[in-house]
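*Asks:* Provided herewith is a single structure, encoded as structure tokens, for subsequent inquiry.
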Amino acid sequence: MACAASTEPVGRFDLDAPWRLDAQVRVRPEAFGALLYHFGTRQLSFLKSPALAEVVRSLGAQPSARAACTAAGVPARDLMKYARALETLAASKMIREREGA
Amino acid sequence: MSAGPLPLADQFQHGLAAPICLTWELTYACNLSCVHCLSSSGRRDPRELTTAQCRAVIDELQRMQVFYVNVGGGEPTVRPDFWEILDYAIGHDVGVKFSTNGVKITPDIARRLAGRDYVDVQISLDGATPEVNDAVRGRGSYEVALRAMRNLAGAGFAGFKISVVMTRHNVGQLEKFKAIADRFGAQLRITRLRPSGRGADVWDELHPTAGQQRELYDWLVAHGTDVLTGDSFFHLSGYGGALPGLGMCGAGRVVCLIDPVGDVYACPFAIHPSFLAGNVRDPGGFAGVWRHSELFARLRRPQTGGACESCSAFGSCRGGCMAAKFFTGLPLDGPDPECVKGHGERALVAAVPAAQAPRPSPDHSHRAGPYRAAQRRPVPLTLSARPPAPVTPSARPPVTACDPDPLAGFVPGR
């Protein structure tokens, strides 16, 4: 199981790129945030805040990850924290960069 | 999960919208009679859910977004509709990991399975050698499991699981198990022996010693996430660092069991009326049981750790396994019987005699296990034709109520 809110350093996550959920991923809302499940890798991830869950759900409809964070009301000072969480999700193939956007 | 000992676990104490780890036992029927069977399986229960009822459960799991189920039994593949249920589940966004002793995993079936997404297979093996395995699972069961593994590997099914219940006789075989898994490109999964089902009868003799528990813990720490555990050894985290996993008892909060007749229990190791939450055939269905059962509501309220709360290890072991305590007669807010600080052993000495501990029920064990039946000697029997019809009335056998002869009892006049 991968955990979205880890403390790994931010490396290559591109906040300004367009992102989307992997087609094999489903999102289940939970009181603490949400549960992601990847049917391909059979991995679970826990999104430990409702705001992060909203960011992840809306990625595909926003021009960039940064825009998704802004739309979900993430304060600018928290952006790096969200970028780290998104990077973890990208590393476990839960989210992917959108091509041709 | 990579974040240490977890605020998430605290969140999970209040229960999730739906289970993450749902075990669904499809039948109590089994071709084996393993001495430690958690569900006391053997004979099919005539009230078993029908194919249509199983489909209705799957529909509900799909609506609740239960993404996968751990299917077991009994031996689930002996249900004639097993493959149909499997296909229905994976066609409805419910992945299936099923546990089997391998009896039906022919080369043909292995090829079918290898070609499917969202299916995972777990072959049970409780000894890395036939002697150790067959003593627990029955004569010939090692060879059946190994044949299934060869068939799966031969069909290109990568990463199937080999599932081992740790006992006093196989802790020393961990490296051998790992070698078997590596040989087949499989993944090793080891779980804890519970005193549930028939396991209650053999727990005293089979559960690992304190020394073996330490050995097991060190081995798990050394192997990290390479080896799966179903989060079943969190009671050992009292030795030091937490093991990978949620590290808490998820009964009724994250975990539950649907048994073959549709009864919903708090966890797969707690098949007993005390942990029965409802039935999937109740008016609200499975969702109704999960959301509204009184038992689950109680389990989701803050639990008291009782005497354990003052222990330095309580933060990591959280008092251990509810079912293990229950079936060894220990109080649920006390130490686990295998508490690494030794509190469990001391409590067991002081607790009710084992004979008075709650008995697992219901029991579907074979009345005469196949293993025992196979050992039974042939009964010497000589068949002989009936003597030819008597010539004189005096030679007739005495008349009985069942005599088929229409002339029985007729004595011709002279």
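*Asks:* For the range A:17-48, how many residues meet the condition of being at the interface with chain B (Cβ under 9 Å from one of its Cβ atoms), in contact with a Lys or Arg (Cβ under 9 Å, 6 or more places away or on another chain), in contact (Cβ under 8 Å) with a residue 24 or more places away in the chain and basic (K, R)?
*Replies:* Count: 0.
*Asks:* Shifting gears a bit: Any chance you could count how many residues in the range B:101-136 are out of contact with any strand residue (DSSP E or B) (no Cβ under 7 Å at 6 or more places or on another chain) and either at positive phi or not acidic (D, E) (or both)?
*Replies:* Total meeting the criteria: 20.
*Asks:* Follow-up. Looking only at residues in the range B:322-348 that are touching a residue at least 60 places away in the same chain (Cβ under 8 Å) and hydrophobic (A, V, I, L, M, F, W, C), which one is surrounded by the most Cβ atoms within 10 Å (Cβ to Cβ)?
*Replies:* First, pick out the residues of the range B:322-348 that are touching a residue at least 60 places away in the same chain (Cβ under 8 Å): B:322-324, B:327-328, B:336-342, B:345.
When the remaining residues are screened for being hydrophobic (A, V, I, L, M, F, W, C), the result is B:322-324, B:327, B:339-340.
Working: B:M322: 22, B:A323: 26, B:A324: 26, B:F327: 25, B:C339: 28, B:V340: 22.
Result: B:C339.
*Asks:* Let me ask another. Does the range B:193-202 contain at least one residue that is aliphatic (A, V, I, L, M) and assigned to a helix (DSSP H, G or I)?
*Replies:* Of all residues in the range B:193-202, those aliphatic (A, V, I, L, M) come to B:193, B:200, B:202.
So of that shortlist, the ones also assigned to a helix (DSSP H, G or I) come out as B:200, B:202.
Checked against the condition, which is being aliphatic (A, V, I, L, M) and assigned to a helix (DSSP H, G or I), the range B:193-202 yields at least one hit.
*Asks:* Now, a different point. B:D59 versus (1) modelled with pLDDT of 95 or more; (2) within 30 Å of B:R359 (Cα to Cα); (3) of a type outside the set (F, W, Y): which is the lone unmet condition?
*Replies:* Condition (2) is where B:D59 drops out.
*Asks:* Same structure again: Do we have any residue at all in the range B:314-321 that's surrounded by fewer than 19 Cβ atoms within 10 Å (Cβ to Cβ) and over 19 Å from B:D259 (Cβ atoms)? Working first, answer last.
*Replies:* Looking only at the range B:314-321, we keep the residues that are surrounded by fewer than 19 Cβ atoms within 10 Å (Cβ to Cβ), and these are B:314-315.
Restricting the remaining residues to those that are over 19 Å from B:D259 (Cβ atoms) gives B:314-315.
The answer is yes, given that some residue of the range B:314-321 is surrounded by fewer than 19 Cβ atoms within 10 Å (Cβ to Cβ) and over 19 Å from B:D259 (Cβ atoms).
*Asks:* Now for a different question. Which ranges mark the helices (runs of 4 or more DSSP H) fully within the range A:22-101 that have 1 or more residues being modelled with pLDDT under 95?
*Replies:* A:50-58, A:79-91
*Asks:* Mind checking which residues of the range B:265-288 are closer than 21 Å to A:A31 by Cβ and assigned to a strand (DSSP E or B)?
*Replies:* Of everything in the range B:265-288, just one residue is closer than 21 Å to A:A31 by Cβ and assigned to a strand (DSSP E or B), namely B:A277.
*Asks:* Also, I was wondering about something else. Any idea which of (1) within 14 Å of chain A (Cβ to nearest Cβ); (2) surrounded by fewer than 19 Cβ atoms within 10 Å (Cβ to Cβ); (3) at pLDDT below 95; (4) more than 18 Å from B:D226 (Cα to Cα) is the one B:A158 doesn't satisfy?
*Replies:* (4)
*Asks:* Kindly provide the set of residues from the range B:18-53 that are within 14 Å of chain A (Cβ to nearest Cβ) and modelled with pLDDT of 95 or more, ordered by number.
*Replies:* Residues satisfying the conditions are B:A18, B:P19, B:L22.
*Asks:* State whether one or more residues within the range B:13-33 are surrounded by fewer than 22 Cβ atoms within 10 Å (Cβ to Cβ) and in a helix (DSSP H, G or I).
*Replies:* yes
*Asks:* Which residues, taken from the range B:150-162, are aliphatic (A, V, I, L, M) and in a helix (DSSP H, G or I)?
*Replies:* Within the range B:150-162, B:L152, B:A153 meet the criteria.
*Asks:* Out of all the residues in the range B:205-225, is one or more under 23 Å from B:V69 (Cβ atoms) and charged (D, E, K, R)?
*Replies:* no
*Asks:* Give me the pairs, please: first residue somewhere in the range A:62-76 and surrounded by 13 or more Cβ atoms within 10 Å (Cβ to Cβ), second residue anywhere and polar (S, T, N, Q), beta-carbon distance under 8 Å, and either six or more positions apart or on two chains.
*Replies:* A:A68/A:S58; A:A68/A:Q62; A:A71/A:S58; A:A71/A:Q62; A:A72/A:S58
*Asks:* Among strands (runs of 3 or more DSSP E) lying entirely in the range B:64-149, which contain 2 or more residues that are away from chain A (no Cβ under 14 Å), hydroxyl-bearing (S, T, Y) and in contact (Cβ under 8 Å) with a residue 40 or more places away in the chain?
*Replies:* Passing ranges, in order: B:95-100.
*Asks:* Restricting to the range B:206-249, what's the tally of residues that are hydrophobic (A, V, I, L, M, F, W, C), in a helix (DSSP H, G or I) and in contact (Cβ under 8 Å) with a residue 12 or more places away in the chain?
*Replies:* Going residue by residue through the range B:206-249, those that are hydrophobic (A, V, I, L, M, F, W, C) are B:206, B:210, B:216, B:219-222, B:227-228, B:233-234, B:236, B:242-243, B:246, B:248-249.
Checking which are in a helix (DSSP H, G or I) leaves us with B:206, B:210, B:216, B:219-222, B:234, B:236.
From what's left, in contact (Cβ under 8 Å) with a residue 12 or more places away in the chain: B:206, B:210, B:216, B:219-221, B:234, B:236.
Count: 8.
The values are calculated or read from the model by the stated rules, or taken from the named source; none is laboratory data. All values reported here derive from a predicted model rather than from experimental measurement. Ideal geometry is used to build each Cβ from the backbone, glycine not excepted, and the neighbour counts take in all protein chains shown.
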